[in-house]
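The values are calculated or read from the model by the stated rules, or taken from the named source; none is laboratory data. Remember, predicted model here, so these are calculated numbers, not experimental data. Here Cβ is always computed from backbone atoms with ideal geometry, including for glycine, and neighbour counts include all displayed protein chains.
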Amino acid sequence: MTTLKLSDLNFVDLYVCLEGNGEPHYHQPQTTTNSGNDIEVAIEFREVVANLAAFLRTKFTDDEMGLTFDGVRMRAAKVRTAGGLLWAALRKINSIPPAIEKIGFNPALVPHLRNLGKRHGLILLCGSTGQGKTTTSCSLLADYLNTLGGVAFTIEDPVEYDLEGRHNENGFCYQTEVKEDDEWGLMLKRSLRWHPRYIFVGELRTPEAANQLLRAATSGHLVITTMHAGTVEEGLEGLLQLAGQAVGDRATTLLATGLTAIIHQTILPQGLQAQFYITEPHNPASPFRNAIREKRIGQTRTFMDQQVGLLMQSGKLFRD
């Protein structure tokens, strides 16, 4: 009889009860035939999940952690419900991010995303939980390291993809983890001592981190970060609000100057849906940047629609 492992269970998110009688269940990967249904763990996998629960009871000392079990890398969080049950939610992590071409973007957009690696500034990835923001970020970073070289420094909680070390002949990545909110800004400031070409911040959380991130984006680095937001406009507003708590009205100038690209992505059964805008590399007074400076964020939708039209018509993003 073949012994099943956790790696044989095709899950995205797995929910395991550590105290109480809750039945384990999981989300399936989204496909063209299902939208990531939540189903109970089958009988044949119950022993595997029970072993995982026993492992978590001894190792899960913080509210969140990264772990590897049965060869499966996961990000885990725990919570005690009002009914007294202690649950752990585990998200599967792939060791190697997919190639940019495999994420699901419109093929005409892929070369433009790849060319961003030659620029400096801020790439902001937006979306709700579980929409692949970190996957896209790490795919972009891995592509830039492999094709263009340079040093990358990541700040994550926890590390989700294994990017540490050498990438081809000329790329190298240092990955770090932070646990407390007040460490994000400090680690970002510390990262500059490594003279990185690229900086990846796993999730933008604090005003000081937003401040340091925008300063890095306007001082010769290519910074990639993720943020929870329902639309591109909400992403811009959220970043301005966060940074504004640290630097006041200067946040609009820093963002307008430093923004290189903003992408909002949603995973649907039929594939990836993306809203985006890529700024012109040599036009600091472009209408899009001016709209940010003047806090006319709602008007950015017009420029995004125009850019999508150019991409669909000619494969270009900017008018000649």
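Just checking, does the stretch 117-125 include any residue being touching a helix residue (DSSP H, G or I) at 6+ places or on another chain (Cβ under 7 Å), without any contact (Cβ under 8 Å) to a residue 40 or more places away in the chain, farther than 19 Å from ALA77 by Cβ and assigned by TED's automatic domain parsing to the domain that holds GLY238? Yes, because at least one residue in the stretch 117-125 is touching a helix residue (DSSP H, G or I) at 6+ places or on another chain (Cβ under 7 Å), without any contact (Cβ under 8 Å) to a residue 40 or more places away in the chain, farther than 19 Å from ALA77 by Cβ and assigned by TED's automatic domain parsing to the domain that holds GLY238. For the stretch 203-239, filtered to residues that are touching a Ser or Thr at 6+ places or on another chain (Cβ under 7 Å) and either over 15 Å from ALA261 (Cα atoms) or of a type in the set (S, T, N, Q) (or both), the residue that is surrounded by the fewest Cβ atoms within 10 Å (Cβ to Cβ) is GLY230.
Taken as a whole, the stretch 5-21 holds at least one residue that is among the acidic types (Asp, Glu) and free of Cβ contacts under 8 Å to residues at least 60 places away in the same chain. Please specify each residue of the stretch 300-320 satisfying the condition of being touching a residue at least 12 places away in the same chain (Cβ under 8 Å) and touching a helix residue (DSSP H, G or I) at 6+ places or on another chain (Cβ under 9 Å). Hits for the stretch 300-320 are THR300, ARG301, PHE303, MET304, GLN307, LEU311, GLY315, LEU317, PHE318. Selection of the stretch 180-202 for residues being part of a loop (DSSP other than H, G, I, E, B) and surrounded by 12 or more Cβ atoms within 10 Å (Cβ to Cβ) yields ASP181, PRO196, ARG197, GLY202. Only one entry of GLN273, GLN306 meets the criterion of being assigned by TED's automatic domain parsing to the domain that holds SER128, in a helix (DSSP H, G or I) and at pLDDT 90 or above, and that entry is GLN306. Of the residues making up the stretch 111-163, those that are in a loop (DSSP other than H, G, I, E, B) and over 17 Å from the mean Cα position of the chain (by Cα) are ARG119, HIS120, GLY149.
Contact map, the stretch 63-84: residues that are over 14 Å from ALA53 (Cα atoms) paired with residues that are aromatic (Phe, Trp, Tyr) and modelled with pLDDT under 90, Cβ distance under 9 Å, separation 6+ or inter-chain. Pairs shown: ARG73/TYR161.
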